[in-house]
Each structure stands twice: as structure tokens, then as C-alpha cells.
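Presented below is the structure to which this report refers.
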Amino acid sequence: MIPSDCPIVVVGATGAVGREALSILESRNHPAKQIRAVASARSAGSSIPYSGGNLTVTEAGPASFAGSRVALFCATSDTARALAPIARAAGCAVVDNSSAFRADPGVPLVVPEVNGEEVVRASQPALVANPNCSTILMLVALEPIRRRFGIERIVVSTYQAVSGAGAAAIVELQTQAADMLAGRAPQAKVFAEPCAFNVFSHNSTMDEATGLNGEEKKMIGETRRIWNDPDVEVSPMCVRVPVIRAHSESVAVTLSSPASEGEVRAAFEGARGVCLIDDRKANKFPTPLQASGTDTVFVGRLRADPGSNRDAQGRTRHHCLFLSGDQLRKGAALNAIQIADLLFRK
């Protein structure tokens, strides 16, 4: 755990992930006097409620990191590239939520439940990258299976909440829903398509040559980096759905070794960061509404792929699951704080 006397800088404190990071630190009773909330010039001077009082936001700059031991970057890639070197020069360890350093082989890309030992590779002061939210949720859910049976291939479809695109996207969903229910035409501003009562391809940049969007590319590259397995096959299809918060994913895997449904289910017993909700009789399985605001990745719909062949013991290499997880907490802020915990343990 981060010591209670540790000075922490939260960069991008007024954004969705920054506020979530502050909420988690508050739940841990981290003293307000040990937290420096910084953001862009336009947010400087504003206040953020914290532990019965308020944190005054200051403009992010070179002076922000003096005397601090860890900085949680919850801002843009440009901000991270500009300020992370300055923070480290001031002796501050950096955990970055943006995509700025994820592809840098010299920077550990870490999901603590999966490859937490990678923080020992971080040069000092440490710089560690937080993966993409969809990657984090998927790999936490798959880790119990991978450790026991190995995984050679993943086919995943995501159902991503609009809040992943920022606060304006939430307002747009709410406004469009009200407009459409009142018979008015929806106005799309944040997304190219209306998000209310609609499902559409993820809004990241599309690569015309490969047919992959940016989110899908991240899931492929990051999974291979985190697992240290350049040969694992990852086939993602990423879409936005009209949900305010928490992502869901439908995942089909090809194992290295065959397993029965019971053996796969048993692999989740005692797994870190995962809660199994898989009640076929009651038709009760994970939902994004249930996952919203929690720190757990909920997993259900566990079953052998119905199209696969099974051996005499009922084993097959092909299995499926469904997951829901809060992309702002475990998919971003919590994962970053858990990385910081590991840095102090190191």
C-alpha cells in the first residue's frame, strides 16, 4: 500500500479518471494534506470535495512535483509526454494512464494481477504505464484460466460505455435519450453516430489497411506485451453501447491444454480481482450496472464452446465467458493506484 505519509500528485484531477483516483485515495483515508490536485490552466483555482473538505486545483507544471514521491497521471498523452520527465527529474515515480508510453519496451506495462512483478524493471524514479481499460478488464478475467491451462487465441467483442469518451459523452447520451423519447431528432456531437438506443463501432481512428480501429490495435499489442507472448492471437471487435458506465466483453478462448467446464470454473476459486456470477438456473450473470462503481471484474456465462469437439472426459480447448467491469476504476484509476502500491512494496 502507498504509505499514508506519502505525498501524491494527481495530474488531471478534474477529469473522470482523476476524480476516480481521488475517490479511491479518500476511501483509503489518505490525508488531504498529502495530496496535490493539478490540472489544466482552465481548471486551476477550482475545488474538488475530499474527505469532508476541499482540494484546491493548481495548474500542472514543473513546480507541481516538488517534494512528492509518486504522480498518478490521469491526463492526455501529450500532457504525460511533457510532464512525466519533469516529475521524474524531481524524484517522483510516475504511473501513467494515457497511451503515451504503452508501446515503449523500456517502460513496464502492468496489470498487477497478471504481471505485477514487472515493476522491478522500472528505472528509477519509476515510470510505469497503465494499459487500456478494455485490455485490463479482459486480462484480469482471463488470468485464472491462463495460469492453469495456457491461452493461444482470444476472440473478444467489447460493449463499451460512453463514459470512456469523457463526461461530454455521458451528457450526450442522456440528452439524446430524452430527445428521442420526446420524438425529437438526436444531435450527435461527441460521436459520429447517435449513442442513444444505438450501437456503433468504437470511435477511435480506423486503419483502412487492416480494418482495425485504435482500440482493437491496443488490445492486440498490449495483450502480447503484458503476457510477454508475441504469438498469442487476439481478434477484437470494439463497439460503443448506450451504457453510461462500465464495459462488458464477450470472450472466446482457445486453450493450450484442454479443460472441462468444471475445471475452468474451479480455476476462478480464490482468483484476485474477479467475482464469478454464473447462475444458470436463475439466469443471473454479470451486468455493467452491477459492475459500475466497484473494483471487481465480474465473470459469468462460463461454458465450453458449443461448436467444439470434446474428448471422452468432456474436455475441450475452446471456452467462452462474459465479463463486466468498471473501466474508470479497475480499468484505469484503481489499476494505477495498485501499481503505485507495488512500487512502494518494491
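What do you reckon, is Thr316 closer than 19 Å to Ser157 by Cβ, surrounded by 18 or more Cβ atoms within 10 Å (Cβ to Cβ) and in contact (Cβ under 8 Å) with a residue 24 or more places away in the chain?
no
Just checking: which of the strands (runs of 3 or more DSSP E) contained wholly in the range 224-306 hold 1 or more residues that are more than 29 Å from Glu118 (Cβ to Cβ) and aliphatic (A, V, I, L, M)?
Fully inside the range 224-306 and qualifying: 233-240, 297-304.
What about Asn198, is it crowded, with 19+ Cβ neighbours inside 10 Å, assigned to a loop (DSSP other than H, G, I, E, B) and either in contact with a strand residue (DSSP E or B) (Cβ under 9 Å, 6 or more places away or on another chain) or of a type in the set (Ser, Thr, Tyr) (or both)?
So Asn198 fails the test.
Test Ala84 against the stated conditions and say whether it is in contact with a Pro (Cβ under 9 Å, 6 or more places away or on another chain) and touching a residue at least 12 places away in the same chain (Cβ under 8 Å).
It is false that Ala84 is in contact with a Pro (Cβ under 9 Å, 6 or more places away or on another chain) and touching a residue at least 12 places away in the same chain (Cβ under 8 Å).
Name the single residue that is farthest from Ala100 (Cα to Cα) among those in the range 207-223 being surrounded by 15 or more Cβ atoms within 10 Å (Cβ to Cβ) and over 16 Å from the mean Cα position of the chain (by Cα).
Leu212
Matching residues to (1) closer than 23 Å to Phe191 by Cβ; (2) under 15 Å from the mean Cα position of the chain (by Cα):
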site	(1), (2)
Cys92	no, no
Val114	no, yes
Pro144	no, no
Phe149	no, no
Val171	yes, no
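Quick one: which of Arg301, Arg317, Arg280, Arg329 is over 15 Å from Glu261 (Cβ atoms), modelled with pLDDT of 95 or more and of a type outside the set (Ser, Thr, Tyr)?
Arg329
So if I check each of Ile35, Ile48, Ile86, which one is of a type in the set (A, V, I, L, M), more than 22 Å from Leu334 (Cα to Cα) and surrounded by 17 or more Cβ atoms within 10 Å (Cβ to Cβ)?
Ile86
The values are calculated or read from the model by the stated rules, or taken from the named source; none is laboratory data. Here the structure is a predicted model, which means the values were calculated and not measured. Counting neighbours? That spans all protein chains shown, and the Cβs are built from the backbone with ideal geometry, glycine included.
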